[in-house]
1. Mean residue ellipticity at 222 nm from the helices of the protein assembly as shown, using -39,500 (n - 2.57) per DSSP H segment of n ≥ 4 over the full residue count, to the nearest 500 deg cm²/dmol?
2. Mind giving me the nanometre distance, one decimal, between the label points for B:D77 and A:F538, set 7 Å out from Cα along Cα→Cβ?
3. Skipping prolines and chain starts, which residues have an amide H placed within reach, meaning under 5 Å, of the one on B:I126, given they are 5 or more residues away or on another chain?
4. How large is the direction-averaged shadow of the alpha-carbon convex hull of chain A, in nm²?
5. Between B:S231 and residues 5 or more places away or on another chain, which pairs have amide H atoms under 5 Å apart, with H built 1.01 Å from N, and which residues are they?
6. In the structure shown, do any of B:K194/B:K337; B:K160/B:K337; A:K131/B:K194 have a Cα-Cα gap over 22 Å, and if so which?
7. Calculate the spin-label point distance for A:S178 paired with A:S134, positioning each point 7 Å from the Cα along the beta-carbon direction, and give it in nanometres.
8. Using a Cα-Cα cut-off of under 27 Å, which lysines could be cross-linked to B:K76, ignoring same-chain neighbours fewer than 8 residues away?
Amino acid sequence: MDRNRTLIARSPFGRFGTAAIVAVPTLFLGYFFVYPVVAITARGLTPEGVFTPSVFIDVVSSASLQGVAAFTLWQAVLSTLLTLLMGLPAAWVFARFSFPGRRLLRAATLVPFVLPTLVVGTAFLTLVGPKGVSGVDLTGTLSIILIAHVFYNYAIVVRGVGAYWERIDPALEDAARSLGASRWRTFTTVTLPLLRPAIASTSALVFLFSFTSFGVVLLLGDISHSTIEVEIWRQTTAYLRLDIASTLAVLQLIGVGAILAMYGHYQRRTAIQIAHNTKPPPRPTTASDRLAVGVVLSGTALLLGLPLIVLVGRSFIDPDSSIGLANYANLLSLPNQSAAFVQPSEAILNSLGFAVVATAVAVLIGVLASAALSYSRRRVARSFDLFVMLPLGTSAVTIGFGFLVALGWPIDLRTSLVLIPIAHALVAIPFVVRTASPSMGSVQHHLREAAATLGARPTVAWWTIDLRLVARSILVGAAFAFAISMGEFGATSFITRPDSPTIPIAIFRLLGRPGSSPFGAAVAMSVLLMGITGIAVFVIDSLRAPQAGDL
Amino acid sequence: MNAWTIRFAFGFLAIVSLAAGCSASPDENKVVLLTHESFALSEGTLDEFTQQTGIEITVQVSGDAGTMVNQAILTKDNPIADVLYGVDNTFLSRALDADIFAPYTATGIEDVNPLLRIDGEAVTPIDFGDVCVNYDIEALTMLDTPPPTSLEDLVDPLYKDLLVVEDPATSSPGLAFLMATIATYPDGAEYDWKSYWRDLFDNGTVVATDWSEAYYTRFTRSGGSQPLVVSYASSPSAEVLFGDLTEAPTGVMANGCFKQIEYVGVLRGTERESNAQQLIDFLLSVPVQEDIPLNMFVYPANSTATLPQVFADHTTFPDAVVMEPGTIEANRERWIKEWTEIARS
């Protein structure tokens, strides 16, 4: 293979077209991310109109904040490694074998992603709390934080790497095996190098999610555990110290940027072009395959399933401790008792509406950004890649407050409802890019060139070949975008908006009132959120790319 | 390709113009109310105002009270609303220092308990709540332990491992309870609040991040291990109301409570000052004030408003500590930091 061609794919859009494809995501992120973040941090760093370096020096030299920074990094590295360790075997099983319930299970892995931390927290405490059924009390420890991060981020690895893995022709592995390589050797010398772009992509996402972890650290960790994200929030809302918060936000961005840059340096950005496998995977036939599939699936069921089962079970325990549907009935009757509660239908419709818009925006911008990444020069691509990822490493407080100080011009968007799906999209775009761009880079050009030879215009060839081949990866990204929007709470709560409660906000309001009915109803609402998300992801997954016969 | 560019440019423009359609345009017959996530009034209550005055109310929701005050300060040169509802006494001074309110004396202010009012006419008290230690009656009976009656009791070995409090850095009832202890054991006293908290922690006090975590995971009522929790004096009424009960399952320790007072004010720089003033009068009027308790679980500031029966039956009115907003502002950061150091050691 010509080495140059593995590094830079030729753009089918011509120079001008490529520039335009870079421009749209750049403008979007420039206006809705860079501009607000710069505006708010500039404001925070110059409290009296001038920059006061003393605050900066105080923050950098504070021993407790250094401790927070060290812990933030340490737990994020551990969480990423653990999630990879647990997620890769499951990615393999989902990519390489078919078994009954495979699609349903794969959709279900995204369910934890949307659940509010407090609700998950109660399930965790039932299992590993002071009176936990396991007999082990992990309350307030690093272990429970790590377990929760794996619980939340598992799907990123399983689905992100899995979608890519499925695309790798098993014939490559079979060839190595038939030449006498052991399973392990085949995995390390053939499969792993091929998977590297996808593993690199997804682990960066897991790392950023853990690095900016907020609810998990606040609720499951004790008072001695704090991340930079938590500290920014604390400085803002408890002390009203925007100067310190902004300093921390800048340091967090620099840290995230440096880590991503280092990461990009070690990772070969462009994927190796591979023949795309479009055949569905076989059932496990050998005894060892069956055993492996069984072990991995039971592990997944234990990790993701147990807390979810606890929640579903809890939702059927009525306020008077008998078993029944009272919690679901209360969902409907509580809003009549007090306006503090939200009608479930209203919350569901709001959530679905925001999620559809957020997904559309994230897919549009994300696919363009992926195309831009695949077809621009390497150095440009690397910095662009970093730029697209940054919103995920930025604190929700910074983005929310940034909208408020920046978006008054040219149209006053500061209190517009549209900021909610846009904030959700900012978090979701990196997911679309990370799932779509490795696949996009791996499309073999001779396919498109063949189409061109047959008379197709380059863009038409791209549309019919590249986009269709990577459509499944884009759908994986779309499912993530949808789930992110459905479960998003943090960024939404820092946006000033007309009252339009989403499901997570409805749950938050239920959990803000004493009484056995509101708590039960909150659990019931969480189960509804799980169900709706599971179904939506299943539907998105089912929008299959054209199958084997097409190409 | 050009066609692509154009298509996407149109898409982008469509989004922006859609957004513009949703955003506020200056209009004589409207008024914008900025409030926090816990704001709620019965359906139709605000429509009453529109019927009386012809002015439409738009409610803008922010996050918690701290976030909201920050946002109001950040936008003070170009306010995003006309009226701010829900700045409380722990954050009030910061808002006053930033000079975000235009002075106004509300019609009906004479019906407000002078204890709730502050000097000057920047803001109007609108509601209040008392943060107190609550106890689970059944759990204490099973332990054969009498309910605690004072802050002093809580450091008694009799109550070892029984109390859960909220972190004052992340929770407003947590901050309120810290201030109740500071008012009782002031800075500079021989036995000050720091000594008190060291004793509390030695006695096994647990810290939760926020009220929901404390009440719904730590409190014995929800299957936790602590029968004493920092909550509100109105919580037993809510337990009755939302548990379909006749007797309150929890009680309130009437000593060591802190009064949280919420205020409304006209935001300086509004182009609809008269509308904003009319809205404040309306919010302080009896119908709205009587609608507040069952929706926000706080008490009306207007003393002529009648309390709902469930509140009248199950609420204790403790002798709560009232602290000067200025004192709070001057010390809040230091108090929380010193508290955090004690809690972490």
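1. Working: 40 runs with 515 residues, N = 896.
Computed mean residue ellipticity for the protein assembly as shown: -18000 deg cm²/dmol.
2. Inter-label distance under the simple model: 5.4 nm.
3. B:E262, B:Y263, B:V264
4. Numbers: hull surface 110.7 nm².
That works out to 27.7 nm².
5. B:C132, B:V133, B:N134
6. On the way: B:K194/B:K337 11 Å; B:K160/B:K337 25 Å; A:K131/B:K194 31 Å.
Over 22 Å apart, Cα to Cα: B:K160/B:K337; A:K131/B:K194.
7. Reported label-point gap for A:S134 and A:S178 is 4.5 nm.
8. B:K30
The values are calculated or read from the model by the stated rules, or taken from the named source; none is laboratory data. Just so we're clear, the structure is a prediction, and the values are computed from it rather than from any experiment. Neighbour counts run over all protein chains shown; Cβ positions are idealised from the backbone, glycine included. Side chains are part of the model used for accessible areas, which takes the heavy atoms of the whole protein and leaves out ligands, DNA and RNA. Shrake-Rupley method; radii C 1.70, N 1.55, O 1.52, S 1.80 Å.
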